[in-house]
Amino acid sequence: MNKKSIFRTTAVVALLAGFAACNKNDDVLPPTPPEDANEYKFVRVLVSDETSTTLSFLQPYDAKISTFQAKFPLANLYPTASGRYAAVLHGTNNLVEVFDNGLLSHDDHVDVAGSAKWTPITATGLKPTHFKSKGRENLIFNDGDGTLSVGNEADFNTAGATFKIVNAGLVAHHGAMAQFTNGNYAITWASAAGKSPTRVKIIDKNGAEVHASTREVGNLHGNASDGQYAVFGAFTDASATAGGALLVAQNGTQNFINNPADFGAARLGTILYAEGAKKFIGYSAAKGAYIIDITGNKMTAVYAGADAFQCKVDYSGKNLLLLTTDGKLRIYDLATGLLKKEGAAIGAVNSADVYKPVLEATERFAYIAVPSSGEVLQVSLADFSKVVKHKVSSRPVRLALFGFESSEEH
C-alpha cells in the first residue's frame, strides 16, 4: 500500500470514528418533547365552587391559577362563541356576571388584550337559566318570566352596561332558545305559567312572532343550533311514552325525528352541536349518546348505556367524550362515530352523588373537576396515565373551557 492509500484509509477511519462519536453524543441528549405534550398557550379554564364564591382561573400551559370573587357560590359557567368571555349565571339570585379572559384572536395569532377580570356588564332577568352564544351575540332565557336577555360583546366592557330584555309575550317556564344566521330566534313556549314547554316558535330580535309553531310535542328540554336548524329534545306527545328530536328550520318548517325503536319512554335531555364535525348529538343519562342525522331523519347510537354521566364535545367540535361511573373516559371520532380511545381516567363515581365530576376537553387534554378532592385533573388524551392535578377550591362543581387552541402570538 502506498503512502496516499495509507493516508486515505486513515482519514476515512477518522471520519467514521467522528460520526460514531457524534451519534454517541446525540444519544445522550434528552429527546425533544412532542409539541402536543403541553396544552396550547391560550387555553383557559374557569371553575366555580359549590359553597364558596371563589372562581378559579386556570392557565394550563404554565399551571398558573388566579382567583376571583363572584357574587354568589354555585355559579353556572358558559363560554361565549368568541372564546374571550364566560357568562357566570346565578339563577336563584337573578343575576348574570361576565368574566373576561383578556385574550383576543386574530385567526393566525392571539393577542393578550388585557388582564383577566370581571367586566362591568350584568343581566338581571328573573331566574336566568339557559345560555346560548353565536358570533358576538349572547342570549339568556329567564325562566322566571319567560323573557330573553341579549348582550353583545361590543358592550361587555362598557361601564354600567346591561343586557337588553326581549319580551316575546311568553309565560314563565323552564325554556330554551336558539339563534339562526338570519338573526331570528327559535324559542320554546308553554300553555300556562310553570308548565313544561311543548311548542317552539320563531321570533325576531324584538320579540315579534315571525313563524308560528306548527307542531306540538311533549316536554321540550335541551337544544342546539347550527344556524340553519335548531334541534330540541322532546317527548312525542303529552303521554311521555316515546320521544325524539324536534327539528325547527329558520324558515319556520318543523319536523320530528323519532328516537330509536328500542328507546322506550326516555327523552334526549341534552342536545349538542359539534362545529368541527357538523353534527348534532343527543344525550340521555338513561340511554347514552346518539348522532342525530337531520338529513337522513334518523338517530344512530354512539354509546348506548345507562352509566354515562358526562357527555361533551371537545373544543373544536370534532370528538365526543364520555365519562362513565366506573371512571372510564371514552373518545369518539364524530366523523366516523367510531371509538378512538378508552381507559380509566378517574376513580369510580357514586351515581347517587348530587355533584359528580364535570368534564371539558381540548384536542390535547381532558379537564375533569372533581368535587371530592378540590382539584381539576388535566388528563393527557394521548396517555390517560399522564395527569396533572390542579388544586383549585374546596368543592369545584362547574367548569368552563374558553380561550383559543393556539400558542401563536406576536
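The values are calculated or read from the model by the stated rules, or taken from the named source; none is laboratory data. What you are looking at is a predicted structure, and each value in this text was computed from that prediction instead of being measured. Positions of Cβ are generated from backbone atoms using ideal geometry, with glycine treated the same way; all protein chains shown enter the neighbour counts. Note: accessible area is taken over every heavy atom of the protein model, side chains too, but ligands, DNA and RNA are not part of it. Shrake-Rupley method; radii C 1.70, N 1.55, O 1.52, S 1.80 Å.
General remarks:
- Options Ser393, Ser372; residue that is of a type in the set (S, T, N, Q) and surrounded by fewer than 21 Cβ atoms within 10 Å (Cβ to Cβ): Ser372
- The residue of the range 88-110 that is surrounded by the fewest Cβ atoms within 10 Å (Cβ to Cβ), among those that are assigned to a loop (DSSP other than H, G, I, E, B) and in contact (Cβ under 8 Å) with a residue 60 or more places away in the chain, is Asp108.
- Scan of the range 200-220 for residues that are crowded, with 20+ Cβ neighbours inside 10 Å and either among the charged types (D, E, K, R) or under 22 Å from the mean Cα position of the chain (by Cα) (or both), ordered by number: Lys201, Leu220
- Of all the numbered requirements in (1) crowded, with 17+ Cβ neighbours inside 10 Å; (2) under 20 Å from the mean Cα position of the chain (by Cα), Gly135 misses one, and that requirement is (1).
- Residue count for the range 316-347, restricted to those that are farther than 19 Å from Ile291 by Cβ and either open to solvent by 80 Å² or more (accessible area, probe 1.4 Å) or not small (Gly, Ala, Ser) (or both): 5
- Candidate set from the range 171-199 (those that are exposed (fewer than 14 other Cβ atoms within 10 Å of the Cβ) and not polar (S, T, N, Q)); member that is nearest to Leu247 (Cα to Cα): Gly183
- From the list Phe68, Phe19, Phe7, the one residue that fits, being modelled with pLDDT of 95 or more and of a type in the set (Phe, Trp, Tyr), is Phe68.
- Where strands (runs of 3 or more DSSP E) sit wholly within the range 146-219, those with at least 3 residues that are of a type in the set (Val, Ile, Thr) and at pLDDT 95 or above occupy 199-203.
- When the test is whether a residue is in contact with a His (Cβ under 7 Å, 6 or more places away or on another chain) and either outside any strand (DSSP E or B) or at pLDDT 95 or above (or both), Gly252 passes it.
- Counted as qualifying within the range 351-395 are the strands (runs of 3 or more DSSP E) with 1 or more residues that are within 16 Å of Lys312 (Cα to Cα), namely 358-361, 365-370, 375-380.
- Filtered residue count, the range 56-87, keeping only those that are in contact (Cβ under 8 Å) with a residue 60 or more places away in the chain, in a strand (DSSP E or B) and open to solvent by less than 20 Å² (accessible area, probe 1.4 Å): 5
- Screening the candidates Arg398, Arg330 for the property of being in contact with a Leu (Cβ under 6 Å, 6 or more places away or on another chain), among the charged types (D, E, K, R) and more than 23 Å from Tyr61 (Cβ to Cβ) yields one hit, Arg330.
- Every condition in (1) buried (at least 23 other Cβ atoms within 10 Å of the Cβ); (2) in contact (Cβ under 8 Å) with a residue 24 or more places away in the chain is met by Asn142 except one, and the failing one is (2).
- Selection count where residues are buried (at least 20 other Cβ atoms within 10 Å of the Cβ) and under 14 Å from Asn142 (Cα atoms), scope the range 154-165: 1
- Restricting the range 111-132 to residues that are in contact with a Leu (Cβ under 9 Å, 6 or more places away or on another chain), part of a loop (DSSP other than H, G, I, E, B) and within 21 Å of Gly91 (Cβ to Cβ), the residue that is least open to solvent (accessible area, probe 1.4 Å): Gly125
- Residues (in contact (Cβ under 8 Å) with a residue 12 or more places away in the chain, outside any strand (DSSP E or B), open to solvent by 30 Å² or more (accessible area, probe 1.4 Å) and of a type in the set (A, V, I, L, M)) located in the range 256-310: Ala265, Ala285, Ala286, Ile294, Ala306
- Identity of the residue in the range 228-249, assigned to a loop (DSSP other than H, G, I, E, B) and among the hydroxyl-bearing types (Ser, Thr, Tyr), that ends up most open to solvent (accessible area, probe 1.4 Å): Thr241
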